[in-house]
Amino acid sequence: MAGSVLGKALATVSFSVALASVSVMSLGCRSIPAYRNSLSSCWFHLNPIIMSGSNGAKQDSHNKARTSPYPGSKVERSQVPNEKVGWLVEWQEYNPVEYTAVSVLAGPKWADPQISESNFSPKFNEKDGHVERKSQNGLYEIENGRPRNPAGRTGLVGRGLLGRWGPNHAVDPIITRWKRDSSGNKITHPVSGKNILQFVAIQRKDCGEWAIPGGMVDPGEKISATLKREFGEEALNLLQKSSAEKREIEEQLQKLFSQEHLVIYKGYVDDPRNTDNAWMETEAVNYHDETGEIMDSLTLEAGDDAGRVKWVDISDKLKLYASHSQFIKLVAEKREAHWSEDSDPGCPGL
């Protein structure tokens with residue numbers, strides 16, 4: 001009943017992704033498979049992206065979610081032109097492809113059952129037991145018992161590789177340090193004159209693209225715990241360490257993740273795994289090792305879903321997975337670090 005009422009209430013609303021403004025807070029406030037995968041304080045906080053009414057969607061805000069073939073398959077999406085992305089645009093001929101991966105249909109613990117199963121009654125737009133089905137961007141519409149992607153059409157229905165109907169919540173820990181010379185001095189860029197910032201990047205095994213380490217939030221898990229767990233597993237290969245090594249690494253990670261941090265972004269992500277009925281949302285958080293001492297005590301080693309891991313200089317030359325380049329740009333802006341050789345690089349869009 002709730003889903004039906006919500007669907008009617010939002011029938012005239014269509015959404016597109018837009019970047020919200022940045023609000024400054026005081027220091028006093030303080031992969032395939034990627035399905036298994038609140039911060040109380042921050043310095044700067046990027047408000048959740050606003051899903052604003054629109055008859056369409058910006059091409060760069062809903063582009064990867066329309067690409068073919070669908071990741072890990074040969075499935076081709078139905079083509080969705082830019083002017084037909086928004087749900088407000090009437091399109092009676094729209095005939096999206098139905099696809100849910102076999103690995104999802106097998107019923108692993110990280111995945112929902114099919115909507116058609118009699119014992120499955122998800123509470124969309126609510127906290128459903130330990131499963132968070134609320135979107136970070138507000139209410140989403142339910143149509144024929146299925147949640148509808150708030151950013152628009154993707155050319156594919158079902159869940160694809162995603163375990164949850166509706167929002168699939170992830171986190172992206174962005175770990176940074178200043179690039180320094182052999183004497184320990186910060187290195188500045190010769191054109192911009194700003195200090196060069198570095199972040200820990202992984203190369204994803206599923207698609208080969210470089211990305212921010214991260215993964216899915218387990219049901220009932222705190223965001224802060226997910227951030228630390230995913231970074232440890234993907235960038236430090238924590239799962240393969242001995243008990244003694246794990247304790248030593250976790251002590252250093254506790255120092256890093258107990259520091260002041262920046263909540264860079266919360267909300268919808270333009271991800272190639274998205275469908276009309278399932279989509280990725282993330283919380284990207286920056287933890288900065290100002291002196292470099294904590295990270296210098298840790299050895300980067302790829303693990304879990306990562307094929308490679310390394311420190312990468314931050315600049316506008318980066319080409320990263322999903323919307324990760326935009327997140328990294330926001331970090332550079334907040335840390336007043338080098339990003340572009342242009343004098344006015346402008347504001348990032350998603």
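The values are calculated or read from the model by the stated rules, or taken from the named source; none is laboratory data. Please read all numbers here as calculations on a predicted model, not as lab measurements. Note: ideal-geometry Cβ built from the backbone for every residue, glycine included; neighbour counts use all protein chains shown. Side chains included, ligands, DNA and RNA excluded: accessible areas come from the protein's heavy atoms. Shrake-Rupley method; radii C 1.70, N 1.55, O 1.52, S 1.80 Å.
So how do 170-179, 256-265 stack up, highest first, on mean other-Cβ count within 10 Å? Walk me through the intermediate numbers first.
Working: 170-179: 23.5, 256-265: 19.5.
Output ranking for 170-179, 256-265: 170-179, 256-265.
Which residue, chosen from ASN82, CYS207, ILE264, occupies the Cα position most advanced towards the positive end of the dipole of the range 64-335, where the dipole is computed from +1 (Lys, Arg) and -1 (Asp, Glu) charges on Cβ about the Cα centre?
Farthest towards the positive pole: ASN82.
Determine the gain in length on full extension of the stretch GLN114-ASP296; use 0.36 nm per residue of separation and subtract their C-alpha separation, reporting nm with one decimal.
On the way: separation 182, 0.36 × 182 = 65.52 nm, distance 4.66 nm.
So the extension gain works out to 60.9 nm.
Starting from the 7 Å offset along Cα-to-Cβ, what nm value, one decimal, do you get for the label separation of SER242 and VAL312?
It works out to 3.3 nm between the two label points.
Using alpha carbons only, how many angstrom separate the centre of the range 74-137 from the centre of the range 140-186?
Centre-to-centre (Cα) distance: 15 Å.
Could you give me the percent of Cα pairs per 10 Å distance bin for the range 64-335, shortest bin first, beginning at zero and ending with the bin that holds the maximum distance?
6, 27, 32, 22, 10, 2, 0
At 1.4 Å probe radius, can you tell me the per residue accessible area of the range 64-335 in Å²?
For the range 64-335, the per-residue accessible area is 43 Å².
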